[in-house]
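Undergrad: I have a structure I would like to understand better, so I am pasting it below and will then ask my questions one at a time.
The values are calculated or read from the model by the stated rules, or taken from the named source; none is laboratory data. Here the structure is a predicted model, which is why all the values come from computation and not from measurement. Every residue, glycine among them, receives a Cβ derived from its backbone with ideal geometry; neighbour counts consider all protein chains shown. Heavy atoms of the whole protein, side chains included, go into the accessibility calculation; ligands, DNA and RNA do not. Shrake-Rupley method; radii C 1.70, N 1.55, O 1.52, S 1.80 Å.
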Amino acid sequence: MAISYTAKAGQAVLLVARAGGDALNLDALQRLRDSLVAQVGSSGKVDFEQVDRVEEGTAALASAHYDVAIVNPVMPHAIEHSSSVLGRVLLALKPSGTLVLYELVLDTATTVEGLPITRTQQELEQQLKFAGFVEARVEVQAVSAEELLRLDAANGSTASATGR
């Protein structure tokens with residue numbers, strides 16, 4: 001499942017995601033890209049880059065080029081974005097650019113063993129500020145322990161969730 005996002009005509013949009021995974025995720029990513037291309041029109045552009053290449057520094061991202069960067073829009077969002085990824089995306093954004101980042105964070109009252117999720121909302125906000133996003137604002141949508149377990153099952157591993 002992909003998240004929907006509305007771009008404006010003429011915008012330069014950077015879409016960053018994992019290209020690997022199952023066919024449903026790839027299809028959702030392609031549908032999102034096609035939707036963004038239609039929204040920005042011929043005067044705009046949509047570029048795709050793999051998050052692993054951004055992490056490694058091998059992605060050729062133009063400096064101060066993009067109006068919007070949409071990072072990890074396809075479920076599952078069980079990726080913690082490093083300061084190097086966030087910093088490289090920041091450099092690619094125009095000074096007035098917007099980052100739309102999807103990442104699972106932990107509620108302080110939840111422990112999820114076996115999932116690659118270790119950050120809380122406050123820790124993500126700190127990471128964004130550390131990477132240079134001065135006006136970082138994190139909006140949280142609750143995900144139940146059962147939904148986390150379903151996401152993990154889709155990744156082919158086993159996890160357990162308990163409250164503290």
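Undergrad: Looking at region 22-49, which of the residues that are touching a strand residue (DSSP E or B) at 6+ places or on another chain (Cβ under 7 Å) and open to solvent by 40 Å² or more (accessible area, probe 1.4 Å) is farthest from Val74 (Cα to Cα)?
TA: First, the residues of region 22-49 that are touching a strand residue (DSSP E or B) at 6+ places or on another chain (Cβ under 7 Å): 25, 28-29, 31-33, 36-37, 40, 44-49.
Checking which are open to solvent by 40 Å² or more (accessible area, probe 1.4 Å) leaves us with 31, 33, 37, 45, 47-48.
Values: Arg31: 11, Arg33: 11, Val37: 17, Lys45: 20, Asp47: 16, Phe48: 13 Å.
Once the filter is applied, the top-ranked residue is Lys45.
Undergrad: Then there's this: Residues of region 50-85 being of a type in the set (Val, Ile, Thr) and surrounded by 21 or more Cβ atoms within 10 Å (Cβ to Cβ), which ones? Write out each step before concluding.
TA: First pass over region 50-85, keeping only residues of a type in the set (Val, Ile, Thr): 51, 54, 58, 68, 70-71, 74, 79, 85.
Correct list: Val54, Val68, Ile70, Val71, Val74, Val85.
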